[in-house]
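Here's the structure, in structure tokens; my notes come after.
The values are calculated or read from the model by the stated rules, or taken from the named source; none is laboratory data. Remember, it's a predicted structure, so these values are computed and weren't measured experimentally. All Cβ positions, even for glycine, are placed from backbone atoms using ideal geometry, and neighbour counts span all protein chains on display. The protein model used for the area step is the full one, side chains on, heavy atoms only, and it has no ligands, DNA or RNA in it. Shrake-Rupley method; radii C 1.70, N 1.55, O 1.52, S 1.80 Å.
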Amino acid sequence: MSRIATTPFDDQRPGTSGLRKKVATFQQPHYLENFVQSVFDVIPALKGGILVLGGDGRFYNREAIQTILKMAAANGIAEILVGQHGLLSTPAVSHLIRKYKAQGGIILSASHNPGGPDGDFGIKFNTDNGGPAAESITEAIFERSQAIDEYQLLSNEDIDLDVAGKLQIGEMHVSVIDSIGDYAELMQSIFDFEAIRALLARPDFTMAFDAMHAVTGPYAKRIFEEMLFAGDGAVINGVPLTDFGGGHPDPNLAHAPELVAMTLGDDGVDFAAASDGDGDRNMILGKNIFVTPSDSLAIMAANATLIPDYSNGISGIARSMPTSQAADRVADKLGLNNYETPTGWKFFGNLLDAGKVTFCGEESFGTSSDHVREKDGLWAVLFWLNLLAAKQQSVKEIVEQHWREYGRNYYTRYDYEAVDSAAANQLMERLREQLPALLNTKLDGRLVTLADDFSYTDPVDGSISDQQGVRILFEDGSRVVYRLSGTGTEGATLRVYLEYFEPETDKQLLDTAEVMQPFVDIATSLAKIEELTGRSEPTVIT
Ligand code: G1P
Ligand code: ZN
């Protein structure tokens with residue numbers, strides 16, 4: 001075993017979802033090692049314990065895995081479960097930690113950010129409940145990284161990640177495991193695979209799943225094509241590539257145009273879906289309809305009892321603050337617990353562990369349940385397939401029926417990527433200063449009934465998270481929300497979230513962009529976006 005001298009890097013504070021940087025940053029000598037050693041130092045239970053390890057297959061994934069294996073062996077980890085080919089989706093890691101009672105898991109991923117040598121890389125640590133480490137832990141890891149002066153590494157040959165089997169590095173047992181089997185089994189235990197098979201066998205029903213050349217490719221092929229007989233070709237872009245084929249593995253209307261096009265027109269597929277780099281996000285489409293993630297969460301909650309695993313009902317729903325309030329309406333009507341949390345999946349963990357909620361969702365294409373402690377892209381896709389099978393209705397019919405019953409929350413998000421950090425911070429600061437004066441005034445004729453910087457007190461452990469986004473709520477339930485991204489790697493990303501509630505059925509089928517325009521105008525002028533950032537248009541609209 002070697003102890004290797006090192007010095008701290010000052011930029012190792014994890015963001016919304018782990019430590020995410022340019023590949024070149026991670027390739028600096030000691031950069032990855034410092035962070036991993038900090039994790040091992042902060043989580044003593046890993047010594048003598050079990051660790052799950054895998055990634056989304058992006059550039060540098062395999063190299064990082066080999067390094068972490070040698071460090072784990074030197075740090076006294078007893079057993080490591082590593083995904084074959086170095087692949088494990090984020091929800092699969094969460095499941096493996098729980099199933100094998102591991103003390104933690106390391107996921108190598110920058111989620112939906114582009115990959116390749118010039119792209120991004122990332123590392124996330126999940127704790128023994130299967131969920132992303134809580135802020136107190138990520139802070140402790142960061143603090144440790146600021147004092148680190150050495151790390152431990154066992155000199156050893158690289159292992160063959162492509163062959164499943166058991167081997168040993170020093171004293172540490174290594175199992176190279178089939179990345180898919182346990183996860184597929186879990187899905188089978190939640191959903192009615194028989195009913196989904198019958199749906200997919202219908203000659204008038206077609207589906208497409210876009211894996212975006214990311215980690216869900218092999219999972220989707222096994223589950224949709226081999227287990228559910230969706231037919232060869234139901235999975236597109238199914239081979240994981242280190243640069244995701246040059247694309248941006250983010251399942252949304254902007255980044256999955258090929259899939260969206262397949263749903264349009266009379267010959268469009270009846271159901272289409274996509275997942276992101278590490279398999280935790282999902283996009284759901286039907287023939288000529290896109291289901292917003294916020295609506296998807298609400299619809300799932302409203303129909304939960306149609307799915308075998310939730311047939312006895314669910315305890316509650318949690319949504320991140322910027323996610324539309326559509327789920328709140330379902331919770332109200334069905335008498336379910338309902339929580340509004342800061343952005344990022346880590347805030348759902350305590351609520352799920354305490355049984356306070358069963359479903360969680362974020363507007364950023366994330367939905368999941370208490371079956372794991374991460375968002376889960378394929379779970380959401382299977383949920384929708386099961387729902388379509390149970391209701392024997394089209395996606396469009398289900399969504400529009402939901403709006404008729406609960407009202408429609410029109411929703412859109414504007415992202416201004418890679419803006420100057422100082423300008424972005426100044427913009428947020430200016431907004432915060434304006435908040436007290438905004439209350440009870442009118443913006444474009446709409447009365448402001450709440451204007452604050454969202455603060456969250458965790459109902460389970462009492463921890464407080466401040467400054468989680470500026471929200472302005474209007475009398476009619478509409479909202480404008482601003483926050484800065486915690487996952488970008490270049491400058492700052494300003495996110496502006498806009499929501500408008502429409503209770504009247506005859507106004508629920510209008511064009512989202514048109515309906516949202518007045519709110520876009522309010523949001524851009526109130527924050528002086530163009531003046532302060534120099535941007536007259538957002539980079540991405542979702
Ligand atoms: C973004 C999303 C957030 C999600 C996170 C990780 O974080 O907004 O909902 O949990 O990615 O997928 P942000 O960049 O906004 O901090
Ligand atoms: Zn992701």
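Residues in region 450-466: is at least one under 30 Å from residue 399 (Cβ atoms) and either in contact (Cβ under 8 Å) with a residue 40 or more places away in the chain or touching an Asp or Glu at 6+ places or on another chain (Cβ under 9 Å) (or both)?
Yes, some residue in region 450-466 is under 30 Å from residue 399 (Cβ atoms) and either in contact (Cβ under 8 Å) with a residue 40 or more places away in the chain or touching an Asp or Glu at 6+ places or on another chain (Cβ under 9 Å) (or both).
Quick check: anything in region 328-337 closer than 24 Å to residue 485 by Cβ and of a type in the set (S, T, N, Q)?
Looking through region 328-337, none of the residues is closer than 24 Å to residue 485 by Cβ and of a type in the set (S, T, N, Q).
So which of 264, 297 is away from ligand 2 (no atom under 16 Å from the Cβ), open to solvent by 40 Å² or more (accessible area, probe 1.4 Å) and either over 24 Å from residue 95 (Cα atoms) or touching a Phe, Trp or Tyr at 6+ places or on another chain (Cβ under 8 Å) (or both)?
Matching residue, one of 264, 297: 264.
Of the residues in region 375-394, how many are part of a loop (DSSP other than H, G, I, E, B) and either open to solvent by 10 Å² or more (accessible area, probe 1.4 Å) or aliphatic (A, V, I, L, M) (or both)?
4
How about region 36-67: which of its residues are under 14 Å from residue 152 (Cβ atoms) and either modelled with pLDDT under 95 or touching a Ser or Thr at 6+ places or on another chain (Cβ under 6 Å) (or both)?
Correct list: 38 only.
For residue 496, state whether it is touching a strand residue (DSSP E or B) at 6+ places or on another chain (Cβ under 9 Å), touching a residue at least 60 places away in the same chain (Cβ under 8 Å), under 30 Å from residue 433 (Cβ atoms) and crowded, with 19+ Cβ neighbours inside 10 Å.
Details: touching a strand residue (DSSP E or B) at 6+ places or on another chain (Cβ under 9 Å): yes; touching a residue at least 60 places away in the same chain (Cβ under 8 Å): yes; under 30 Å from residue 433 (Cβ atoms): yes; crowded, with 19+ Cβ neighbours inside 10 Å: yes.
In short, yes.
Can you find a residue in region 395-406 that is over 21 Å from residue 504 (Cα atoms), open to solvent by less than 10 Å² (accessible area, probe 1.4 Å) and of a type outside the set (Phe, Trp, Tyr)?
No, region 395-406 contains no residue that is over 21 Å from residue 504 (Cα atoms), open to solvent by less than 10 Å² (accessible area, probe 1.4 Å) and of a type outside the set (Phe, Trp, Tyr).
Could you name every one of the strands (runs of 3 or more DSSP E) located completely within region 104-193 that has at least 1 residues being more than 23 Å from the chain's Cα centre (by Cα)?
150-153, 165-169, 172-177
Keeping to region 196-222, report how many residues are in contact (Cβ under 8 Å) with a residue 40 or more places away in the chain and within 16 Å of residue 307 (Cβ to Cβ).
So the count comes out to 3.
How many residues does region 199-223 contain that are touching a helix residue (DSSP H, G or I) at 6+ places or on another chain (Cβ under 6 Å), surrounded by fewer than 24 Cβ atoms within 10 Å (Cβ to Cβ) and part of a helix (DSSP H, G or I)?
Residues in region 199-223 being touching a helix residue (DSSP H, G or I) at 6+ places or on another chain (Cβ under 6 Å), surrounded by fewer than 24 Cβ atoms within 10 Å (Cβ to Cβ) and part of a helix (DSSP H, G or I): 2 in total.
Counting only residues that are within 21 Å of residue 95 (Cα to Cα) and touching a residue at least 24 places away in the same chain (Cβ under 8 Å), how many does region 329-385 have?
So the answer is 38.
Working only within region 1-26, note down all residues that are more than 25 Å from the chain's Cα centre (by Cα) and either surrounded by 13 or more Cβ atoms within 10 Å (Cβ to Cβ) or assigned to a loop (DSSP other than H, G, I, E, B) (or both).
Step one: filter region 1-26 for residues more than 25 Å from the chain's Cα centre (by Cα), giving 1-10.
Once the filter is applied, which keeps residues that are more than 25 Å from the chain's Cα centre (by Cα) and either surrounded by 13 or more Cβ atoms within 10 Å (Cβ to Cβ) or assigned to a loop (DSSP other than H, G, I, E, B) (or both), region 1-26 yields 1, 4, 6, 7, 8, 9, 10.
What pairs can you find where one residue is in region 178-195 and open to solvent by 10 Å² or more (accessible area, probe 1.4 Å), the other is among the small types (Gly, Ala, Ser), and their Cβ atoms are less than 6 Å apart, with a gap of 6+ or different chains?
Every condition considered, the pairs that remain are 178/164; 179/83; 195/389.
Tell me, which residue of region 300-328 that is within 20 Å of the chain's Cα centre (by Cα) and aliphatic (A, V, I, L, M) is farthest from residue 392 (Cα to Cα)?
321
Would you check if there is a residue in region 214-226 being out of contact with any Leu (no Cβ under 7 Å at 6 or more places or on another chain) and aromatic (Phe, Trp, Tyr)?
yes
Tally the residues that are closer than 11 Å to residue 52 by Cα and either small (Gly, Ala, Ser) or open to solvent by 10 Å² or more (accessible area, probe 1.4 Å) (or both), restricting the search to region 100-140.
10
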